1. How much length, in nm to one decimal, is gained on full extension between residue 172 and residue 28, taken as 0.36 nm per residue of separation minus their Cα-Cα distance?
2. Based solely on its DSSP helices, what 222 nm [θ] is calculated for the chain when runs of n ≥ 4 H residues each add -39,500 (n - 2.57) and the sum is averaged over all residues, nearest 500 deg cm²/dmol?
3. Enter the Cα centre distance for the pair the stretch 60-76 and the stretch 156-188, rounded to the nearest angstrom.
4. Find, among the trypsin sites (Lys or Arg not before Pro) in the stretch 134-185, those assigned to loop by DSSP (not H, G, I, E, B) with at most 15 other beta-carbon atoms within 10 angstrom.
5. Angle between the Cα long axis of helix 3-25 and the longest principal axis of the chain, 0 to 90 degrees, nearest 10?
6. Could you sort out which of 76/185; 37/192; 37/169; 58/227; 32/169; 76/190 sit more than 31 Å apart by Cα distance in this structure?
7. If you stretched the chain out fully between residue 40 and residue 56, how much longer would it get, using 0.36 nm times the residue separation minus the C-alpha to C-alpha distance?
8. Roughly what would the spin-label model give for residue 165 and residue 89, points 7 Å off Cα along C-beta, in nm?
Amino acid sequence: MNTRSAVIFTLLTAIAIVFAAQWAVAADVELKLDLPKPMFVGTPKNIVSDNLDPDTGKKRPAFIVPEGLTNLAAGKPVSASDEEPIIGELEMITDADKEGADGSFVEFGPGVQWVQIDLGSPQEIFAVVAWHYHSQARLYRDVIARVSDDKDFIKYTEIFNNDHDNTAKLGIGKNFDYIETNEGKLIDAKVKGLPAKGRYVRLYSNGNTSNDMNHMIEVEVWGRPAK
């Protein structure tokens, strides 16, 4: 081996050692969420859906993520299809208050509405957790979640869609309907095993089983800065 080859070999070995050390440190852990207190107990009997999640009423399984993720949405600016909500202020959606009582939720008008969080820069997103309303059992219709680097969402990655009949006119989804609880809805944001990447997160809904209005209490986005 000549001198040049020896130098290249040494550099490649050093790089391999660094990467191996990083992988060894980056252990997988359970995503621990700070949950609000439950407002009701048991599975409601008066909600009918032909697309209801078969795991309704079961404890949510542990969600495993790389160590060191943070809630990227905390305190970040929020915009919406309705910039003047009927109840509440947009900044409440990222203020860490997840309680179900009056004064903790934002209410929007009927029809398809969305809220959007600006994370400030591109991020690797592993999970999005949304609390629409949980002081009573409800099923929110046409829940859709997307990630984009474009604030107008011309191009996007869709990470959840339970609009099985395209009522919202945003495309047919394959995810199940679910009943709101204090656990919130944890959306796996990985696509083909890799985290979704983007600066903006947008969530749609289209009324609920109690009334035609749309609500949001809190949204958390768990991830890390994109490489």
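1. 48.5 nm
2. -3500 deg cm²/dmol
3. Using only Cα atoms, the two centres lie 19 Å from each other.
4. Passing both the DSSP loop test and the Cβ count: 151, 155, 169, 174.
5. On a 0 to 90 degree scale, this one is about 30.
6. Checking Cα-Cα distances, 37/192; 37/169; 58/227; 32/169 exceed 31 Å.
7. Between residue 40 and residue 56, full extension yields an extra 4.3 nm.
8. Placing both labels 7 Å beyond Cα along the Cβ direction yields 4.0 nm.
All of the numbers you see were taken from the coordinates with simple rules; none came from a lab. Quick caveat: nothing in here was measured; it's all calculated off a predicted structure. Using ideal geometry, Cβ is built from the backbone for each residue, glycine included, and neighbour counts are taken over all protein chains shown.
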